[in-house]
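The values are calculated or read from the model by the stated rules, or taken from the named source; none is laboratory data. The structure presented is a predicted model; accordingly, all values stated were derived computationally and were not measured. Using ideal geometry, Cβ is built from the backbone for each residue, glycine included, and neighbour counts are taken over all protein chains shown.
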Amino acid sequence: MAPSTSAVVVLSSLASLVAGHGYLKSITVNNQNYLAWQVGQDDYVTPTPARYARKLANNGPVPDFTSNNITCGAGGNIPAEGVIDLKAGDTVTLNWDQWGSSHSGPVMTYLAHCTGDDCKTFKGDTGNVWVKIEQLEYNPSGNPPWASDLLREQGAKWSVTIPPTLAPGEYRLRHEILGLHVAGTRMGAQFYPSCTQIRVTQGGSTQLPAGIALPGAYDPDDKGILTELWRIDQGQITYKAPGRDVWSEAAPNANRPGP
C-alpha cells in the first residue's frame, strides 16, 4: 500500500534534517591535509587509524549540551593519535563533509592549553579552560547573513587564524557550529563541536587567559541558545552567541569581518 501524503511529507522532512547534519572531516594547515575522525568508517577499521581530531559518534548534534559531550562531541572525548604542528599566526582550514542551509546559526572556535603540554591526557571537561579565538554570528547586511550559511557557501570550509602572539605548546582547537533552526524549544539548539589537537612550535609569549567551562557555560536559557531563528531573520530581535566574547589577542576573522 502506498504511503499517505502526510507520511511522505514527514519522511521527506526527516530526510532533509538528517541530510543537513555534518561533521569535521579534515584539517588543512600550510597545504597539508590531516584527517579528522571519519564518521561511519573509522569505527570499522582495525587497527584504529591515526587521526588528528577526537572521535565523533555520528554526524548529528550533541544530544545534551549540558553534558560532557559538549566538550568535544558525542564520541567519548578519546584522545586522537595525531597532533598537528604549526606556528602562531598560521591559518587552519576546517573542512566539513557537508553543511545544510536549514541549520543557520553562528560559527565559533575556542582554544584550550593542554595541561602539561600533553593533549593525549587532557580532556578539557573541567575548569574555565576554553578561550574563544574566532566567531561570526548574524550580519543582516552580509551575503549570506548567517555565519553557518557562509560556511556552506565556502564549500563547507572555515578558516581560523591561530593568535599571532600565542606561546608555544600543545592546544586543543575546538570548532563548532550552532544550529538555531529548532532553538525556539528549550534544549532544541543544536551544537556540532569537534576538537583538533595542535602543537604551536613557534610563537610569542602570550598565555591564554581564563575562559569558559564546557560543560557549564552553555545555559539552556541563554538568549543565544533559546531563541527563534525566524524572529532574528525578520529583525524582531538581535542575536548574540553564547560563550563570551572573542579574546582580545585573537587575529582578525579570516572569513569576513564580523559580527
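Numbers at a glance
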| item | result |
| --- | --- |
| Residues of segment 220-238 satisfying the condition of being of a type outside the set (Gly, Ala, Ser) and either more than 23 Å from residue 64 (Cβ to Cβ) or within 16 Å of the chain's Cα centre (by Cα) (or both) | 225, 230, 231, 232, 233, 234, 236, 237, 238 |
| So residue 225, is it under 18 Å from residue 119 (Cβ atoms), among the β-branched types (Val, Ile, Thr) and modelled with pLDDT of 95 or more | no |
| Pairs with Cβ under 7 Å, 6+ apart, first in segment 107-120 and in contact (Cβ under 8 Å) with a residue 12 or more places away in the chain, second crowded, with 22+ Cβ neighbours inside 10 Å and of a type in the set (Ser, Thr, Tyr) | 107/148; 111/171; 112/171; 113/171; 114/171 |
| Residues satisfying the stated conditions in segment 67-91, i.e. surrounded by fewer than 15 Cβ atoms within 10 Å (Cβ to Cβ) and under 19 Å from residue 243 (Cα atoms) | 67 |
| Neighbours by Cβ (under 6 Å, 6+ apart or cross-chain): first from segment 74-93, under 19 Å from residue 108 (Cα atoms) and among the β-branched types (Val, Ile, Thr); second in a loop (DSSP other than H, G, I, E, B) and modelled with pLDDT of 95 or more | 91/254 |
| Extreme residue, surrounded by the most Cβ atoms within 10 Å (Cβ to Cβ), among residues of segment 94-120 that are modelled with pLDDT of 95 or more and closer than 20 Å to residue 50 by Cβ | 119 |
| Criterion violated by residue 181 - all others in (1) in contact with a strand residue (DSSP E or B) (Cβ under 6 Å, 6 or more places away or on another chain); (2) surrounded by fewer than 22 Cβ atoms within 10 Å (Cβ to Cβ); (3) closer than 21 Å to residue 56 by Cβ satisfied | (1) |
| Given (1) more than 27 Å from residue 232 (Cβ to Cβ); (2) in contact (Cβ under 8 Å) with a residue 60 or more places away in the chain; (3) touching a Gly at 6+ places or on another chain (Cβ under 7 Å), index of the condition residue 55 fails | (2) |
| Flag for residue 220 being more than 22 Å from residue 53 (Cα to Cα) and crowded, with 16+ Cβ neighbours inside 10 Å | no |
| Restricting segment 57-104 to residues that are over 13 Å from the mean Cα position of the chain (by Cα) and hydroxyl-bearing (Ser, Thr, Tyr), the residue that is farthest from residue 162 (Cα to Cα) | 102 |
| Candidate set: segment 42-56, residues that are of a type in the set (Lys, Arg) and within 15 Å of the chain's Cα centre (by Cα); chosen: the one nearest to residue 163 (Cα to Cα) | 54 |
